[in-house]
Amino acid sequence: MGPALLNNVVVVLNEPQNLVNIAGVVRAMMNMGLGRLRLVNPAEFDAWRIGGIAHRSQPLVEDAEIFDSLDEAVADATFLVGTTARARTAQRNYVRPRAVAHKIVKHASKGTVALLFGREDRGLGNEALDLCHAAAVIPTDPEYSSLNLAQAVLLLSYEIFLAAEGGSEPLPRGRRSTRP
């Protein structure tokens, strides 16, 4: 396994509302080796402006796919992981990002895996979560559980990057590596 498997991981933003948040997601994706973005009914999309915010991201942004429905956006996914800030009353397969990351990498070796993120103001609805094989919950302080969209993408994609053996190269050695 390796980072090449990340080509089968697609980030799906369901009805993103803010162009700046899309740009933040693009930057997070690029940091973690993810190159496939799908947007479902974005409130605004301007590749030039996103590129101005997330520098050197033009190839990823130009390849972004825009869909009219969530069903269309995830139709080819063999494994779908949604995100939510809180558990719901419905029976779901709740997971932590670190725990599901290896499963995502395993499924990526067989086909497309979709990571599903909801609107900035509401998150994912129950209908969207019903499509998912798992619902990832990122642990936060219960007093302030709201994450920025790009932060959530970064945290989940970081765990996937590590599970795919990304970042395994040795750390650089500096002059002070042997003494204080």
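Table: residues versus (1) farther than 23 Å from Ala4 by Cα; (2) open to solvent by 20 Å² or more (accessible area, probe 1.4 Å); (3) in a strand (DSSP E or B); (4) without any contact (Cβ under 8 Å) to a residue 12 or more places away in the chain.
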| residue | (1), (2), (3), (4) |
| --- | --- |
| Ala101 | no, no, no, no |
| His107 | no, yes, no, no |
| Val113 | no, no, yes, no |
| Ala128 | yes, no, no, no |
| Tyr144 | yes, yes, no, yes |
| Leu155 | no, yes, no, no |
| Gly166 | no, no, no, no |
Residues (closer than 10 Å to Gly33 by Cα and over 16 Å from the mean Cα position of the chain (by Cα)) located in segment 153-166: none
Test: residue in segment 20-40 that is over 14 Å from the mean Cα position of the chain (by Cα), assigned to a loop (DSSP other than H, G, I, E, B) and at pLDDT 95 or above: no
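Condition first: assigned to a loop (DSSP other than H, G, I, E, B), of a type in the set (S, T, N, Q) and surrounded by 15 or more Cβ atoms within 10 Å (Cβ to Cβ). Now tell me which residues in segment 63-88 satisfy that.
Taking segment 63-88 and keeping what is assigned to a loop (DSSP other than H, G, I, E, B), we get 63-64, 68-69, 74-76, 84-88.
Right, trim to of a type in the set (S, T, N, Q) and you get 69, 84.
Passing the criteria: only Thr84.
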Condition broken by Gln91, with the remaining ones in (1) assigned to a helix (DSSP H, G or I); (2) among the polar types (S, T, N, Q); (3) out of contact with any helix residue (DSSP H, G or I) (no Cβ under 7 Å at 6 or more places or on another chain) satisfied: (1)
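Residue-wise test of (1) basic (Lys, Arg); (2) under 14 Å from Ala134 (Cβ atoms); (3) modelled with pLDDT under 95.
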| site | (1), (2), (3) |
| --- | --- |
| Trp48 | no, no, yes |
| Ala64 | no, no, no |
| Thr83 | no, yes, yes |
| Gln91 | no, yes, yes |
| Arg98 | yes, yes, no |
| Leu116 | no, yes, no |
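The values are calculated or read from the model by the stated rules, or taken from the named source; none is laboratory data. All figures in this text were calculated on a predicted structure; none of them were measured in a lab. Note that we place each Cβ from the backbone using ideal geometry, even for glycine, and neighbour counts take in every protein chain shown. The protein model used for the area step is the full one, side chains on, heavy atoms only, and it has no ligands, DNA or RNA in it. Shrake-Rupley method; radii C 1.70, N 1.55, O 1.52, S 1.80 Å.
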